[in-house]
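Asker: The structure that follows is given in the form of structure tokens.
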Amino acid sequence: MISGSLFPLILAAALAPLMQSVIVRSKSVMAGRVGPPLLQPYRDVWKLARKGAVYSNATSWIFQMGPTIGLASLLVALTLLPFGGFAPLSAFSGDFVLIVYLMALGRFFTVVAALDTGSSFEGMGASREVTFAAFAEPAFFLALAALVRQTGYLSLNPVLAAVSTATWTHAAPTLGLTLAALIIVFLAENARIPVDDPTTHLELTMIHEVMVLDHSGPDFAMIEYGAALKMWLFATIIVSVAVPCHSGNRWLDTGAALLAILVLGVATGLLESSMARLRLLRVPQLLLVAIVLAALALAL
Amino acid sequence: MTALLIALLLFGASAVGSLIFAQRGRWPTFLGAGGLILGSLCGIIPATQVALGAPPQSLRIAWDVPYGSLYLHLDALAAFFLVPIFLLCAVAALYGAEYLEEYRGKKALAPSWFFMNVLAASMVVVVLAHNAVLFLMAWEAMALSSFFLVTFEDEKESTRRAGWIYLVASHIGAAFLLALFVLLGRHGSLDFDHFDSSAGAGVLFLLALVGFGTKAGFVPLHVWLPEAHPAAPSHVSAVMSAVMIKTGIYGLLRILTFLGPAQAWWGWTLCVVGLTSGVLGVLLALAQHDLKRLLAYSSVENIGIVALGLGVGIVGLSAGAPFVAVAGFAGALLHVLNHALFKGLLFLDAGNVAHATHTREIDHLGGLIRRMPGTGVTFLIGAAAISGLPPLNGFVSEFLIYLAGFKGAAALDASSSSVPMLAAIAGFALIGGLAVACFTKAFGIAFLGHPRTEHAAQAHEVEFAMLAPGFILAAGCVLMGLFGCYVVRSMGPLISNVTHLPPIQVAQALANAAGSVAEVGFLGAMLIGLVVVLSLARAAALARRRVATAVTWDCGYARPASRMQYTASSFAQPLTETFAMLLRTRKVVTAPRGLFPQHAEFHTRTDDPYQRYLFRPVFHAVGRGMASLRPLQQGKVQFYVLYIAITLLALLLWQLA
């Protein structure tokens, strides 16, 4: 059942944290600071992985299972993700449904782990997480449906391989709208501004970061690393649609895709530097915009 | 067929036996539960064989009832529904034997076992009957026996009310079925083989949709579910929610096989019904505080998913897209089986919780996973499965329906048939997201954190006999999630029977779909392996380091109390607030006043909007209308003689004119 190459998975595992530091670096430059070194996320994960842990007396084994299941489900999802002309380990009809639901599995366990601490802050974050996810999922699925309808394939690898510059010339509006919806979902799912602010210092206003307040040590390393992998997953899909490079040389394509991910990281940093977080009540409206954009892409 | 008859005989014998030995201590329980388990084990063998592809069998005995005949027919469709019926009856009997012990001496248990066996037998006959009279009699026996099971605790006012609503709903549904079968059998025979649907297939479809939809719980006909399921003892709720409401789906499918070529608008209708039931069901579930009421609404949601799958399948069928049709039907049918497994499990676990804590209020629970580890872990599996998460069984059936929808979106390019596909995809995604919210709430608030009340703090794990059924069903959820492809592959005869597609085409489409499901199972196994490896690595790493325990970080506050925890209502609040239009939640707020507030209160209540704003006004109006006839009933003999005389006179005049 294993057909493709391990390369996309290795690439994701190796470079995912780097994309986060690209965002941090571009924000720092915009703010006139030097910013942490580019390898800081790797150091953080490594440092956490070597530490002990502190557990709340309210928690049970669910709390300790949460990060493990979250990371495992992302790693399995990444085996379905192609990159720059390299086929993923496994591809079959409907594989993108499995990707979305694997991420939902990770979310389920992050949320119940947060509720396991009995903290009202973490409960608040968990509540917001499930609320926004309920709106983000339809938007993501409709965007995927637009791509499926445009290309006629039912599996992520052929779908992304079929998007080309020719597709862009004859169906630019559809792809453009789909891309816009995907970018909104990318920002929401990865807890970026304008949905969530990963660097805020006030627990009351957080979503994702507040859910993992009580995790420490190796558990927290898995959470941090998993967050990087999740961002990489969404970024890859966006980049494959936005910059469909099929030169015939897979290494060249991979280079182009990496460059595009770098650009996406810088753009995210610029976006975060130039606008504030939305009020929480506005977030569902933003996600509804994504749903409408994807539905329009389908109607065109 | 012989084994099925033996099963029916065993059900009958143990029903009568438990009544005869009603006064002999534990005898009714032994007889009632024992007969139910033995009969189910006996019946599940032929049912499984036929469901996996053995040739159909039938049995026909003449019967004196006009138009009736004892005509039983076991084909793939019947067998597919029989398997979960037998399985759930057996585990519910095992569970009920222990669960009802609490009531022994306080209430008569013999009637409960009598009706449980009658319910099991009547469900079996409903699915096997191939004659309308026999079918309707079994249907009525099913409704009545379950009514008496629901009203087990009839000393409670709320239970009597629930039973009443259930009885009324059942009979409104049955009235539509009566009309349906009269129309189908208008050329003499009421045997299913001789039904005539030459004219008015659309009307017949609508009659079946309402009649069977009332049993299945399509919105807005679902109002009896959230009343009856919480009122019934938990093993009864499990059987009713997991398999009895599915006889509505069975009936709808059976009628579809008589109606000739499927029309696109049937599919559209089912898609709309499915989406409405799915979204409203899960939203109403999310707004509930009562664990069993939440589960009842989630049954409405899952019936909606089944209807959506059928709708997508029928649209595909009428648009000439065999893969869409086959994947849609396969997903819907598999979801019937899967829902039986995880909803049965969740209701039994809810029973454990109620048994151990004497409350079903989610906000009064908390921390149960430490005190009830077995119940906790099975509830977690059920909650993840019902949220459609891999690697469990709920994902497999939802995956097939997604596959049908995406294939339809890709293949049905120019036609308007792709609209229901896209609506199904988006709606399905919304339902999935909301289901995660609903079941993280149910599990997270009830089982995790600190106990919120003394009841929850004093809870103890239940006896093994009440845990074992949950473990059996949870194992079923995991196995179906990993090895669902084998079930999908064996559904060929069943689906060609329902869709009338050529078996070769069906087999080809199923092989395609099963290929994807096999990959899902493989990756699911990989996921489990990866979790085990990561957990071991983590445990090994932490074994040599300092692992400390502290209070939960509450932003610097060092004395968090259990009452400060997030509650189920607050967890669901952003979503219930967003969908307030649909839910019509009522709030009772006493805000704190003054500099030193003494008293404050906040209470929400989400009644069923359809019952409140649709059925109650209608039934009140009917009641008022009927009350105006009351003067006719004077209770005086003279008046009745007068009525007879007037009637005779009128008849005479009519005859003369």
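Asker: Do the sum for chain B: with -39,500 (n - 2.57) for every DSSP H run of n ≥ 4, divided by all residues, what is the mean residue ellipticity at 222 nm, to the nearest 500 deg cm²/dmol?
Answerer: Details: 25 runs with 456 residues, N = 657.
Calculated at 222 nm, the ellipticity per residue is -23500 deg cm²/dmol.
Asker: Can I ask one more? Gain in length, B:Ala600 to B:Leu614, computed as 0.36 nm per residue apart minus the alpha-carbon separation, to one decimal in nm?
Answerer: On the way: separation 14, 0.36 × 14 = 5.04 nm, distance 3.35 nm.
Taking 0.36 nm per residue and subtracting the Cα distance, the gain is 1.7 nm.
Asker: Now, a different point. What are the semi-axes of the equivalent ellipsoid of the stretch B:514-657, taken as the square roots of 5 times the eigenvalues of the Cα gyration tensor, listed largest first and rounded to whole Å?
Answerer: Values: eigenvalues 919, 221, 39 Å².
In descending order, the three semi-axes are 68, 33, 14 Å.
Asker: How high is the FRET efficiency from B:Arg160 to B:Leu582, r the C-beta distance, R0 41 Å, rounded to 0.05? Write down the numbers at each step before the final one.
Answerer: Details: r = 29 Å, r/R0 = 0.72.
After rounding to 0.05, the efficiency reads 0.90.
Asker: For B:Arg546, B:Arg60, what ranking results if the residue with the fewest other Cβ atoms within 10 Å of its Cβ goes first? All intermediate terms of the calculation are to be shown ahead of the outcome.
Answerer: Details: B:Arg546 10, B:Arg60 13.
So the residues, fewest neighbours to most, are B:Arg546, B:Arg60.
Asker: Moving to a separate point now. Would you calculate the separation in nanometres between label points at B:Val16 and B:Ala457, each defined as 7 Å from the Cα along the Cα-to-beta-carbon direction?
Answerer: 5.5 nm
Asker: Taking amide H positions as placed 1.01 Å from N in the peptide plane, with prolines and chain starts having none, which residues 5 or more places from A:Asp196, or on another chain, fall under 5 Å of its amide H?
Answerer: none
Asker: Can you show me the helix-derived [θ] at 222 nm for chain A, built from DSSP H runs with n ≥ 4 at -39,500 (n - 2.57) apiece and divided by the number of residues, rounded to the nearest 500.
Answerer: On the way: 12 runs with 209 residues, N = 300.
Result for chain A, helices only: -23500 deg cm²/dmol.
Asker: Further, regarding this structure: Starting from the Cα of B:Gln634, step 7 Å along the direction of its Cβ; do the same at B:Leu59; then give the gap between the two resulting points in nm.
Answerer: 5.7 nm
Asker: Still on this structure: Counting only other residues whose beta carbon sits under 15 Å from that of B:Pro220, what net charge do I get with K and R as +1, D and E as -1? Before the final figure, lay out each step's value.
Answerer: Working: positive: B:Lys215, B:Arg584, B:Arg612, B:Arg616; negative: B:Glu227, B:Glu301, B:Asp607, B:Asp608.
Once all neighbours under 15 Å are counted, the net charge is 0.
Asker: Once the convex hull of the alpha carbons of chain A is built, what does its volume come to per residue, in cubic angstrom? Walk me through the numbers on the way to the answer.
Answerer: On the way: hull volume 38.4 nm³, N = 300.
Per residue, the Cα convex hull of chain A comes to 128 Å³.
Asker: Quick one: putting +1 on the C-beta of Lys and Arg, -1 on the C-beta of Asp and Glu, what dipole do you get for chain B around its Cα centre, in Debye to the nearest 20?
Answerer: Values: 39 positive and 30 negative charges, 267 e Å.
Dipole magnitude for chain B comes out near 1280 debye.
Asker: Among B:Asp607, B:Asp193, B:Asp75, A:Asp219, which comes first, second and so on when ranked by fewest other beta-carbon atoms within 10 Å?
Answerer: Working: B:Asp607 16, B:Asp193 11, B:Asp75 20, A:Asp219 27.
The fewest-first ordering by Cβ neighbours comes to B:Asp193, B:Asp607, B:Asp75, A:Asp219.
Asker: Would you calculate the separation in nanometres between label points at B:Leu9 and B:Met564, each defined as 7 Å from the Cα along the Cα-to-beta-carbon direction?
Answerer: Rounded to a tenth, the inter-label distance reads 6.8 nm.
Asker: For the stretch B:104-168, which trypsin sites (Lys or Arg not before Pro) are in a loop by DSSP, counting at most 15 other Cβ atoms within 10 Å? All intermediate terms of the calculation are to be shown ahead of the outcome.
Answerer: Numbers: sites: B:Arg104, B:Lys106, B:Lys107, B:Lys156, B:Arg160, B:Arg161; in loops: B:Lys106, B:Lys156.
Counting only loop positions with at most 15 other Cβ atoms within 10 Å, the trypsin sites (Lys or Arg not before Pro) in the stretch B:104-168 are B:Lys106, B:Lys156.
Asker: Another question, then. How high is the relative contact order of chain B, given as a whole-number percent (alpha carbon pairs under 8 Å, six or more residues apart)? Don't skip to the answer; put the middle values down first.
Answerer: Values: 1095 pairs, mean separation 76.9, N = 657.
Answer for chain B is 12 percent.
Asker: Among the listed pairs B:Lys246/B:Lys343; B:Lys246/B:Lys441; B:Lys215/B:Lys587; B:Lys292/B:Lys343; B:Lys215/B:Lys407, give every one whose C-alpha distance is greater than 22 Å. Don't skip to the end; give the middle numbers.
Answerer: On the way: B:Lys246/B:Lys343 12 Å; B:Lys246/B:Lys441 26 Å; B:Lys215/B:Lys587 31 Å; B:Lys292/B:Lys343 11 Å; B:Lys215/B:Lys407 31 Å.
Listed pairs above 22 Å: B:Lys246/B:Lys441; B:Lys215/B:Lys587; B:Lys215/B:Lys407.
Asker: Only loop residues by DSSP count here, and only those with at most 11 other Cβ atoms within 10 Å; note down the trypsin sites (Lys or Arg not before Pro) in the stretch A:233-300 that meet that.
Answerer: Details: sites: A:Arg250, A:Arg277, A:Arg279, A:Arg282; in loops: A:Arg277, A:Arg279.
Here the sparse-neighbourhood loop sites are A:Arg279.
Asker: Enter the Cα centre distance for the pair the stretch A:213-288 and the stretch B:100-160, rounded to the nearest angstrom.
Answerer: Each part's Cα centre sits 56 Å from the other's.
Asker: Using 1/(1 + (r/R0)^6) with R0 = 41 angstrom and r between the beta carbons of A:Leu6 and B:Glu361, what's the FRET efficiency to the nearest 0.05?
Answerer: Working: r = 51 Å, r/R0 = 1.24.
Once rounded, the FRET efficiency stands at 0.20.
Asker: How much net charge surrounds B:Pro391 when only the other residues with a Cβ under 15 Å from the Cβ of B:Pro391 are counted, with Lys and Arg +1 and Asp and Glu -1? Please report the intermediate quantities before stating the final value.
Answerer: Values: positive: none; negative: A:Asp95, B:Glu398, B:Glu519.
So the surrounding residues net to -3.
Asker: Taking the stretch B:121-195, which GluC sites (Glu not before Pro) meet the DSSP loop condition and have no more than 15 other C-beta atoms within 10 Å?
Answerer: Numbers: sites: B:Glu140, B:Glu153, B:Glu155, B:Glu157; in loops: B:Glu155.
Sparse-neighbourhood loop GluC sites (Glu not before Pro): B:Glu155.
Asker: Beyond 49 Å, how much of the Cα-Cα pair distribution for chain B remains, as a whole percent? List each step's numbers first, then the result.
Answerer: Numbers: 33788 of 215496 pairs.
Tail of P(r) above 49 Å: 16 percent of Cα pairs.
Asker: Please work out the Cα center distance from the stretch A:102-130 to the stretch B:358-389, rounded to the nearest Å.
Answerer: Computed from Cα coordinates, the inter-centre distance equals 15 Å.
Asker: Okay, next question. Find the centroid of the Cα atoms in the stretch B:430-448 and in the stretch B:602-643, then give the distance between the two in whole Å.
Answerer: Using only Cα atoms to place each centre, the spacing works out to 39 Å.
Asker: Quick one: dipole size for the stretch B:1-260, taken about the Cα centre, charges +1 on Lys/Arg Cβ and -1 on Asp/Glu Cβ, in debye to the nearest 20. Before the final figure, lay out each step's value.
Answerer: On the way: 13 positive and 14 negative charges, 48 e Å.
Taking the Cα centre of the stretch B:1-260 as origin, the dipole is about 240 debye.
Asker: So which DSSP H runs in chain A come out at 15 Å plus along the axis (Cα) with average Kyte-Doolittle of at least 1.6? If you can, show how the numbers build up before the last one.
Answerer: Values: long enough: A:7-30 (34 Å, 1.38); A:61-78 (26 Å, 1.58); A:95-116 (32 Å, 1.74); A:120-151 (46 Å, 0.68); A:172-189 (25 Å, 1.96); A:217-242 (37 Å, 1.19); A:250-274 (35 Å, 1.20); A:283-299 (24 Å, 2.58).
What comes out of the filter, once short or polar helices are dropped, is A:95-116, A:172-189, A:283-299.
Asker: Based on Cβ point charges of +1 for Lys and Arg and -1 for Asp and Glu, what charge dipole magnitude is obtained for the stretch A:7-299 about its Cα centre, in debye rounded to the nearest 20? Could the numbers behind the result be given before it?
Answerer: Working: 16 positive and 16 negative charges, 107 e Å.
Value, rounded to 20: 520 debye.
Asker: Please name whichever of A:Val111, A:Ala181, A:Ser127 sits farthest to the positive end of the charge dipole of chain A, dipole taken about the Cα centre and charges placed at Cβ: Lys and Arg +1, Asp and Glu -1.
Answerer: So the residue furthest toward the plus end is A:Ala181.
Here, each number is a calculation from the coordinates, and none is a lab measurement. Values in this document were obtained by computation on a predicted structure and should not be read as measured data. Counting neighbours? That spans all protein chains shown, and the Cβs are built from the backbone with ideal geometry, glycine included.
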